[in-house]
Each structure stands twice: as structure tokens, then as C-alpha cells.
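Reading through the C-alpha cells given below for one structure.
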Amino acid sequence: MSNENNLQLLRDAVLRVGRHAVGYDNSPASSGRGITLNTYRPAHATALSPIVLVQHGVMRNGDDYRDFWIPAADEHGLVIIAPTFSNEQWPDVMGYNNGNLLVTTRRDELADTAAVRPPEEWSYTVITRLVDELKASGVLTTQPLYLFGHSAGGQFAHRLMSVLTPGVFTGVAAGNPGWYTLPRLDLPFPEGLARTPADDNSLARLFACPLTILAGDQDIETNEPYLPSEPAALRQGPHRYARARHYHASAQAEAARRGLPLNWQLHTVPGIGHDGRAMSAVCAHLWFNGRLPDAAQLAALAGQHTA
């Protein structure tokens, strides 16, 4: 597909009112490895409506995650784009969560022994190219752009920021990731950032970016099938809630060691477990109402479990 056709497809998909899904391929190579854009636009959205990119979890259910954001979209006039990476084209945690950086599908593969793919093959650059094409199509101009990910999508979102540090987002939020890439250049990816484009300058940009870590205080399961259990993940804590606190503390320590300010926020979300619907509502409330939901609102959201 020509670039102009791709831009027209993207423009039509994002400007169309209602819930939609469209196949999309912005790869510079003829890899045939595309994604699906699950979109929602309320009728009262305008050319200046904020755009929220929403990254799904391990179930590759971008349609569900788009729908999780529809109440907030209707309330605040948001445009939702949920880029969806199928397991067939972007297999396993290496293809999605870990950006398709490494030539391996084994979760326990030592990153310092695996070959690194060219950046144009990474799933992270699919998103940075999408942002570029949103601009080129005229859809993204001066309005705010946000990035939210939950669970595997939270891994994806914070790793994208860590590896590439694009300065295009008004806010970035990672909700309940299974584990984290620490902001350290001496640890191999995905535990750290060795062998990625990250360097001293990009770490400074990463610490300055508006990253929010949302940690449900009931996301404390230690023995469930999708909780990463490799040694590097276990070093960060026994469950997702502990790992979120470890990640933030590690960033505080590294930023202090480098004499840099840290612009991140860590929010404990009371009563919420591993629930993508609830964490989507929490994030929307934080971004667009300026605070976490109150105790009654959190109680109404609690008790679900949606990856």
C-alpha cells in the first residue's frame, strides 16, 4: 500500500464515529506483519479531542481494551486507538511485551546471547511510526496524545518509553505490568537496557517523561499462569504490586545516582487487583479528572480480573 493510501486509511479509521476495527500495516519492509487498530470516536469529538493509545494485555484483546475506555471517551470527548498485535504475527512475550527486539521466543533465553533485530522490525517502532503517520495524516496536530497499557500492555508501554524515549506523549501510564525493565544500562534487556538504543542522554529524557505507574494493591497473586517467573522477574518481587514498588524505587535510586530529577508518579490503587477494565477507569479518572477515583468509586470497580 502506498504511503498516501496508508495515511488515508488511518485518517478514515480515526475520524469515523463509533466503534471500528481496521487492518493496518506501516512496516517499511515487506514483512506482512501488521496490526489491527480498534478505534472509538464519540459523536461530540472534535479536531482538538485528546487521543489515547491503549495497549492490550496478554489476551491480545485490543477490542476489549478499546471498549474499557468508551465510558471515559464519552464523558471527556476522547478518541481511542487500541493498536492490537496478534499472537500469530507477533508471537509470545518476545514478539509483543519485549518489543520483538531479540531473535528468540524462549522466555528464559539470556538476552546477552540473543541476536538483536533491526529497529524497523520492533513492535515498539510500529507505535512510533503510527504516531508519525497520525501527524502526517493531519489527525494529530496540537491536541494531547496519551499512552496507556495494562498487564502485558503495561510491559509494552514502559519498555517502549525506556528503549526509544519518544517525547510525544502528554502522559504515559503502565498499569499492573508483570515485571519491568529497570532504567539501568548495565543489565541486559529486558531486565535492563543494555544492547538497546538507550544511553545516558535517553535515560535523562526517560526520567523526565510523565510516566505513571498504577499498582493495584490486590494484584498480589504469586502463582498464576501469566505472572512472569524468570529469575530476573523474581528479583523484583513475588507479585506485581511488589514489582511496581521495586521499579519506582530503582528509578529513584538511579536518578539520584546520576543527579537527575525524576518526573514519575507511583500510585497505589486500593482494592484493585489484576483488572484491565478497572485500571482503565482509574487511569482515565486520574488523567482527565486530575485525581484517583474516591473510595466509593474504587469499591464499585473492585472485584474483577481482566488481563
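The values are calculated or read from the model by the stated rules, or taken from the named source; none is laboratory data. All values reported here derive from a predicted model rather than from experimental measurement. In this analysis, Cβ positions are derived from the backbone assuming ideal geometry, glycine residues included, and neighbour counts consider all displayed protein chains.
Are any of the residues in the stretch 167-176 assigned to a loop (DSSP other than H, G, I, E, B), touching a Cys at 6+ places or on another chain (Cβ under 8 Å) and in contact (Cβ under 8 Å) with a residue 40 or more places away in the chain? Step through it out loud before you land on a result.
The first filter runs over the stretch 167-176 and keeps only residues assigned to a loop (DSSP other than H, G, I, E, B), leaving 167-170, 176.
If we keep only those that are touching a Cys at 6+ places or on another chain (Cβ under 8 Å) as well, we get 167, 169.
Those left that are additionally in contact (Cβ under 8 Å) with a residue 40 or more places away in the chain: 167, 169.
Among the residues of the stretch 167-176, at least one is assigned to a loop (DSSP other than H, G, I, E, B), touching a Cys at 6+ places or on another chain (Cβ under 8 Å) and in contact (Cβ under 8 Å) with a residue 40 or more places away in the chain, which makes the answer yes.
Among the residues of the stretch 191-243, write down those that are closer than 24 Å to Glu120 by Cβ and either of a type in the set (D, E, K, R) or in contact with a Gly (Cβ under 8 Å, 6 or more places away or on another chain) (or both).
Initial filter on the stretch 191-243 (closer than 24 Å to Glu120 by Cβ): 192-199, 201-203, 205-206, 209.
Within the stretch 191-243, Arg195, Asp199, Arg205, Cys209 meet the criteria.
If you go through the stretch 203-216 one residue at a time, do you hit one that is in contact with a Cys (Cβ under 9 Å, 6 or more places away or on another chain), modelled with pLDDT of 95 or more and crowded, with 16+ Cβ neighbours inside 10 Å?
yes
Among the numbered criteria (1) over 15 Å from Thr128 (Cα atoms); (2) surrounded by fewer than 24 Cβ atoms within 10 Å (Cβ to Cβ), which one does Pro197 miss?
That leaves (1) as the condition not met.
What about Arg195, is it in contact (Cβ under 8 Å) with a residue 12 or more places away in the chain and farther than 28 Å from Met59 by Cβ? Give the steps one after another, and end with the answer.
Details: in contact (Cβ under 8 Å) with a residue 12 or more places away in the chain: yes; farther than 28 Å from Met59 by Cβ: yes.
Here the answer is yes, as Arg195 does meet what is asked.
Which numbered condition trips up Arg291, out of (1) assigned to a loop (DSSP other than H, G, I, E, B); (2) of a type outside the set (Phe, Trp, Tyr); (3) closer than 15 Å to Asp217 by Cα?
Condition not satisfied by Arg291: (3).
Search the stretch 173-186 for residues being surrounded by fewer than 22 Cβ atoms within 10 Å (Cβ to Cβ) and touching a helix residue (DSSP H, G or I) at 6+ places or on another chain (Cβ under 8 Å), and hand back the single one that is nearest to Gln252 (Cα to Cα).
Selected residue: Arg184.
Looking at (1) crowded, with 17+ Cβ neighbours inside 10 Å; (2) touching a helix residue (DSSP H, G or I) at 6+ places or on another chain (Cβ under 9 Å); (3) outside any strand (DSSP E or B); (4) β-branched (Val, Ile, Thr), can you tell me which one Val131 breaks?
The single condition Val131 does not satisfy is (2).
Can you pull out the residues in the stretch 195-206 that are within 22 Å of Arg235 (Cβ to Cβ) and in contact with a Lys or Arg (Cβ under 8 Å, 6 or more places away or on another chain)?
Of all residues in the stretch 195-206, those within 22 Å of Arg235 (Cβ to Cβ) come to 195-196, 198, 203, 206.
Of everything in the stretch 195-206, just one residue is within 22 Å of Arg235 (Cβ to Cβ) and in contact with a Lys or Arg (Cβ under 8 Å, 6 or more places away or on another chain), namely Leu203.
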